Amino acid sequence: MFTEKEIWTALEVVKDPEIPTLSMVDMGIITKVEVRGESNVYVEMTPTFTGCPALKMMENMVAERLKEIGIETIEVKTTFDTPWNSNKLTERGLLCLKKHGLAPPPKHEGEITMELLEHCICPHCGSINTEMKTPFGPTLCRSMHYCHDCLQAFEQFKPVV
Amino acid sequence: MNVTAIKDLLYKMADDLLIIGHRNSEWTGLGPILEEDIAFSSMAQDKIGQAGALFEILHELGEGEPDTVAFMRDANKMHCSQFVELPNGEYDFSIMRHFLFDHADQLRFEMLANSSFEPLAQVAKKIKGELKYHVFHANTWVVKLGNGSEESKARMQTALNESWNYALGMFEAGDFEKELQSENIFKGEEALKTRWMANITPFIEKANLKIPDQSTWEPILGGRKGYHTDYLQKLVEEMGEVFRLDPTAQW
């Protein structure tokens with residue numbers, strides 16, 4: 001019988017479909033793992049954004065992974081019991097975002113302000129001489145910025161409360 | 001818990017989001033600049049997703065499947081305010097409606113984050129954070145365009161004048177205001193309107209625009225009770241056109 005810790009470890013290989021360097025565990029969207037018996041596992045997930053279109057796909061990816069390690073009875077449920085916010089990204093998750101060329105979200109104190117969004121750190125050169133072009137981007141979780149030092153556009157994984 | 005009152009509240013919120021979401025999506029491919037095209041498309045996706053989450057709660061309370069409820073009802077069965085169903089018009093009106101609507105909706109979800117109806121409180125905690133970005137976007141453009149050229153300023157003032165009574169209609173009292181308040185589910189439309197006024201006023205001032213004189217205020221009501229402009233029926237038919245071809249199809 002698997003322990004919960006072993007299930008969490010097994011799920012570390014399941015990556016975000018849009019950011020292939022980032023695991024769903026590090027993203028903080030897997031909120032609960034329960035081993036309910038021999039070969040019976042229950043997993044709870046929560047979306048980064050309510051309208052995230054990748055949600056069903058991610059549920060299936062989690063179920064596939066559990067099947068791969070030999071679990072027979074699998075239930076994956078999406079809930080808002082513990083809603084996601086960007087502080088839930090792990091330290092490793094923040095590094096993965098950077099590796100993918102995305103500015104990681106700054107830690108917030110429960111409030112998002114314009115100041116927090118402006119001048120985010122450029123993931124290419126580390127400068128803070130940057131400006132936000134628009135709070136919306138190619139996916140719901142990203143905003144678009146420009147760096148005045150290395151003259152490159154970049155995206156940020158948005159801070160969300 | 002008064003389930004009838006909760007359903008009434010959820011339906012009007014979900015319908016507002018569904019319809020304004022579809023209106024936002026009509027800017028996809030037509031935005032005046034690429035960033036704005038993306039902004040309205042992103043907000044559309046957010047809002048329709050948020051509507052989906054509310055329809056999901058309704059489903060758990062015994063209402064139909066979310067897709068069926070969203071796409072099979074005719075206009076007279078919908079509870080959105082008339083404000084959100086109006087056509088997009090030009091960019092001035094779209095931005096002004098976005099500003100007036102999103103301030104109200106963001107506050108509504110902020111209030112509901114403390115609701116005694118737990119499933120709604122949980123979803124509201126999530127949605128209020130997402131709507132923050134919509135409000136930022138609206139504030140930026142209202143202030144920018146209000147302080148732009150003579151033409152942009154005049155257009156924004158006209159848009160505000162034309163929107164105003166429709167915007168007041170968003171706060172049409174429901175049949176269950178007392179029940180919702182006494183059970184700590186929702187503090188009510190009047191409380192929401194007061195907070196909304198306090199929040200929008202500084203931005204309207206910053207934009208050098210004027211709220212229409214109070215003597216002209218006449219909230220346009222009826223939407224919450226199923227009375228709509230002719231625009232809504234056309235919209236729901238278009239929105240549900242594919243779904244209605246074969247409601248049992250697997251997507």
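The values are calculated or read from the model by the stated rules, or taken from the named source; none is laboratory data. The structure presented is a predicted model; accordingly, all values stated were derived computationally and were not measured. Here the Cβ positions follow ideal geometry from the backbone for every residue, glycine too, while neighbour counts run over all protein chains shown. SASA here: full protein model, heavy atoms, side chains in, ligands and nucleic acids out. Shrake-Rupley method; radii C 1.70, N 1.55, O 1.52, S 1.80 Å.
A few notes on this one:
- Sole residue being over 17 Å from B:ASP102 (Cα atoms) and either buried (at least 16 other Cβ atoms within 10 Å of the Cβ) or among the charged types (D, E, K, R) (or both), chosen from B:LYS153, B:LYS193: B:LYS153
- From A:THR50, A:THR73, A:THR46, residue being closer than 30 Å to B:SER42 by Cα and in contact with a strand residue (DSSP E or B) (Cβ under 6 Å, 6 or more places away or on another chain): A:THR46
- Of all residues in segment A:98-135, those satisfying the criterion of being within 14 Å of chain B (Cβ to nearest Cβ), in contact (Cβ under 8 Å) with a residue 40 or more places away in the chain and not in a loop (DSSP other than H, G, I, E, B) are A:LEU116, A:LEU117.
- Here segment B:50-71 is the region considered, the condition is being within 8 Å of another protein chain (Cβ to nearest Cβ) and surrounded by 22 or more Cβ atoms within 10 Å (Cβ to Cβ), and the residue that is farthest from A:PRO135 (Cα to Cα) is B:ALA53.
- Odd one out for A:VAL13 among (1) of a type in the set (Val, Ile, Thr); (2) closer than 18 Å to A:VAL160 by Cβ; (3) open to solvent by 80 Å² or more (accessible area, probe 1.4 Å): (2)
- Count of residues meeting criterion [touching a residue at least 40 places away in the same chain (Cβ under 8 Å), open to solvent by less than 60 Å² (accessible area, probe 1.4 Å) and within 14 Å of chain B (Cβ to nearest Cβ)] in segment A:59-84: 2
- Residues in segment B:76-113 that are touching a residue at least 24 places away in the same chain (Cβ under 8 Å) and among the aromatic types (Phe, Trp, Tyr) were compared, and the one that is nearest to B:LYS187 (Cα to Cα) is B:PHE101.
- Scope segment B:198-233; condition surrounded by 13 or more Cβ atoms within 10 Å (Cβ to Cβ) and either modelled with pLDDT under 95 or part of a helix (DSSP H, G or I) (or both); matching residues: B:ASN199, B:ILE200, B:PHE203, B:ILE204, B:GLU205, B:LYS206, B:GLY223, B:ARG224, B:LYS225, B:TYR231, B:LEU232, B:GLN233
- Looking only at residues of segment A:136-152 that are hydrophobic (A, V, I, L, M, F, W, C) and within 11 Å of chain B (Cβ to nearest Cβ), we find that the one that is surrounded by the fewest Cβ atoms within 10 Å (Cβ to Cβ) is A:MET144.
- Single match in A:LEU94, A:LEU11 (criterion: closer than 30 Å to B:ALA121 by Cβ and under 10 Å from the mean Cα position of the chain (by Cα)): A:LEU94
- Cross-chain or 6+ apart pairs with Cβ under 9 Å, segment B:16-41 first and closer than 17 Å to B:LYS234 by Cα and facing chain A (nearest Cβ under 9 Å), then open to solvent by less than 20 Å² (accessible area, probe 1.4 Å) and part of a loop (DSSP other than H, G, I, E, B): B:GLY21/A:GLY51
- Flag if B:LYS144 is in a helix (DSSP H, G or I), within 14 Å of chain A (Cβ to nearest Cβ), under 18 Å from B:ALA53 (Cα atoms) and open to solvent by 50 Å² or more (accessible area, probe 1.4 Å): no
- Contacts under 7 angstrom Cβ, first residue in segment B:188-208 being farther than 19 Å from B:ASN165 by Cβ, partner not in a helix (DSSP H, G or I), 6 or more apart: B:ALA207/B:ASN147; B:ASN208/B:ASN147
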